[in-house]
1. Evaluate the distance, in nm, between pseudo-label points positioned 7 Å from the Cα of Gln360 and of Gln470 along their respective Cα→Cβ axes.
2. Straight-line reach from Lys520: which lysines have Cα under 22 Å away, leaving out those fewer than 8 places along the same chain?
3. Please list Lys421, Lys293 in order of solvent-accessible area, largest first, computed with a 1.4 Å probe with all protein chains present.
4. Just check region 271-373 against the gyration tensor rule for me: Cα atoms, a ≥ b ≥ c as the square roots of the eigenvalues, rounded for a/c under 1.5, and otherwise prolate or oblate depending on whether a/b exceeds b/c.
5. For the chain, just the Cα atoms, rotate onto the principal axes and tell me the three extents in Å, largest first.
6. Can you give the angle from 0 to 90° between the axis of helix 392-405 and the longest principal axis of the chain, with both taken from C-alpha atoms, to the nearest 10?
7. Length gain on complete extension for the stretch Lys153 to Leu42, per 0.36 nm per residue less the alpha carbon to alpha carbon distance?
8. Can you give the local net charge around Ser229? Use residues other than it whose beta-carbon is closer than 11 angstrom to its beta-carbon, Lys and Arg +1, Asp and Glu -1.
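The values are calculated or read from the model by the stated rules, or taken from the named source; none is laboratory data. Nothing here was measured: the structure is a model prediction, and the numbers come from that model. Cβ: placed from backbone, ideal geometry, glycine included. Neighbour counts: every protein chain shown. Accessible surface is based on the protein model in full, side chains and every heavy atom, while ligands, DNA and RNA are left aside. Shrake-Rupley method; radii C 1.70, N 1.55, O 1.52, S 1.80 Å.
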Amino acid sequence: MVTRFPVPFRWSGGLLRASSSRRRGVSAMARGGEEAQLGGFLEYMDMLRNYERSGVPRGAGTDSDDGFDLGRMRRLLRRLGDPHTHYPSVHIAGTKGKGSTAAFLSNIMREQGYRVGCYSSPHLLTIRERISVGQHGGPVSAASLRDLFDLAKESIDESIESENGSLTHFEVFTALSFLLFSRENVDVAIVEAGLGGARDATNVIRNSELAAAVITTVGKEHLAALGGSLQSIAVAKSGIIKEGRPVVIGGPFSTDIEQIIRDRAFLTQSPVISACDTGIRSITRGIGRDYAKPYQSCDIFVKISGDMPLYVELHDVKLQLLGDHQRQNAVTACCTALCLRELGWNVSDASIRAGLEKTQLPGRSQFLTQDEASVLGLDGASAILIDGAHTEASAKALSDVIKTVEPEGPVALIVGMASDKEHLAFAAQLLSGRRPDVVLLTETGIAGGTARSMPASSLRDIWTGAALGQGIECAGIGANPGDEAPTVNIDHLAPAAGTGKPAPMLIGCGAAPFSRDLIKAASRLLRRADGGGGAARGGLICVTGSMHMVAAVLQQLEQ
C-alpha cells in the first residue's frame with residue numbers, strides 16, 4: 001500500500017526558521033550587485049574539494065567500497081537538524097533530462113500554488129541558480145544564501161574538522177539547499193541527483209519523506225565513476241528507489257536496463273509508472289514562433305490503469321523546450337504530477353498545462369533574440385542556438401532540433417568539451433544529421449578551471465576523423481579562424497558548377513578561451529562558404545559541447 005500525502009506536511013520548528021517578514025524583505029531586495037554579497041561564502045566553498053572541476057574518481061558513484069561515503073553527509077545534516085526530513089521530496093536521477101524534468105515539475109506545482117524548493121546542478125552564471133524556492137522559480141537571493149551560510153557555518157566547520165576535511169563542495173551545498181527548504185517551509189522539494197543516485201549526496205532522502213522517485217534516462221556519461229557499463233549505471237540510478245514509494249521512469253530504455261530498474265522496484269515493493277506506457281501518446285504537431293522564438297505544439301494523452309490509475313488529455317501544449325527528448329521529459333513530468341495527484345496532492349489539468357508551457361531553461365535548445373545577437377556583434381541575419389549537449393544521446397537530440405528549425409540554409413557548429421566525454425560518438429551524431437558547413441573547435445573552462453578542458457587541436461583531429469568516416473570531405477582553415485576568417489581564401493572550396501557535389505566542410509581550431517569573436521568568425525565563414533547566399537538567409541550558428549560553453553556565451557551577453 002502506497003502512503004498518501006493528502007496534505008503536504010510541514011515542520012513546526014527548527015534550527016534556522018525564518019520569519020515571514022524576513023522572507024518578504026529578501027524577496028523585495030534589488031537584484032543588482034547581488035554576487036558581491038557572496039564573496040566570503042564563495043571563497044569558503046572554493047576551498048572545498050570540487051569534483052566538477054577535477055573529475056570524479058573511478059567507482060565513486062557505485063554502491064561499493066569505492067563509492068562516496070553517504071555517512072559523512074548524514075552526519076553533516078544531523079548537525080544541521082536533519083532539515084531534509086521536514087518536507088516531502090521528489091528525487092530525480094538520470095543521465096539526461098533530469099534538469100528539464102525537474103523544471104517542468106517545479107513549474108507545475110508552482111502553478112497549483114505550492115511553495116516549491118528545487119535543487120539542481122550545474123549552474124551557468126551563478127551558483128545561486130542551483131536553488132530556487134517559493135513560487136517565483138528564480139535563483140535564491142544572495143542575501144538569503146549568505147544569511148543561511150552565516151548561521152550554518154559553525155556547524156559546517158565542526159563537520160569538516162570531524163571528517164578530516166573530506167566534505168566536498170557538492171555535499172556542503174546540497175546540505176545548505178536542504179536547510180534553506182526547511183527554513184522557507186516549502187510544501188515540496190524537487191531534488192535532482194548530481195552523480196548516479198545510490199551514492200549521490202542527495203540520496204539521504206528516506207522513504208518516509210520521499211513522495212516519488214524519478215529516473216529519466218540511462219546513458220554512458222560518467223562510465224568510470226559509475227562502474228563501467230550501462231548496467232552498472234542503471235543499478236546506481238535505481239538506488240534512489242525507496243521502500244514502498246512510487247517510481248516514475250522516463251525512457252525509452254532498452255529491455256535489460258528497464259528490467260534492472262523494475263527489479264529494484266520489485267524488491268522495494270515500489271509501484272512503477274512508465275512514461276513509455278502503451279496508454280501514453282504524445283506527438284509534436286508542428287513548430288510555431290512567438291516573437292521569433294520557436295516552440296513546439298504538442299498533444300499529450302495519458303491513460304494508465306493499475307495500482308495507480310493516471311489520466312490527463314492535453315491538446316496544443318506549447319513547449320518552449322524543443323525536440324522529441326524535451327517532449328518526453330514533459331511527459332515524464334506530467335506522469336509524476338499525476339502520480340502526486342493520486343497520492344493526495346491537488347494538481348489540476350490546468351496547472352499541468354501552464355507549468356509545461358511556462359518552462360524554459362537557459363542552454364537547452366535556447367535561441368538568442370535579435371537584441372542578444374547584436375550584443376555579440378552580429379546583425380541578426382544568422383540565428384544563434386546555444387545548447388549544452390555533451391553526450392551521444394544529447395547530440396542526437398540536438399541534431400534533430402537543428403534539422404527541425406533549420407531544414408535549409410548553412411549551419412555552423414562551435415564546439416568545446418570536457419576531456420572526459422565521448423568525443424567521437426558526439427561528433428558522429430552531429431555530423432550524421434544536417435551536415436554543417438563550418439565546424440570550429442575551441443576550449444572553455446570547466447567549473448572555473450582548465451584541468452578538464454579538451455584541447456581544441458585534439459577535438460579538431462577527432463572531428464576530422466569522424467567526418468572522413470562518414471565520407472564528408474573536409475578543408476582545414478587554419479589554426480585560428482577568429483583571426484583569419486576575414487582574409488582566408490576559401491573561394492577554391494566552392495563546388496564546381498554542375499557537379500552536384502557539396503563544398504568541403506570547413507573545419508578549424510578557434511582561439512582559446514572561447515569568445516564572441518569566434519561566433520563572428522563563424523558568421524563570416526558561413527556566408528563565404530555559402531557562396532554569398534548566406535548573406536540573405538543567415539543560416540544557423542550552434543554553440544555546443546558543454547554547459548560551460550553555454551555559460552561562456554551568456555557571460556559575453558552580460559558583459
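1. About 3.0 nm separates the two model spin labels.
2. Output for Lys520: Lys293.
3. Lys293, Lys421
4. In terms of gyration-tensor shape, prolate.
5. 76, 52, 47
6. 60 degrees
7. 38.7 nm
8. Local net charge: 0.
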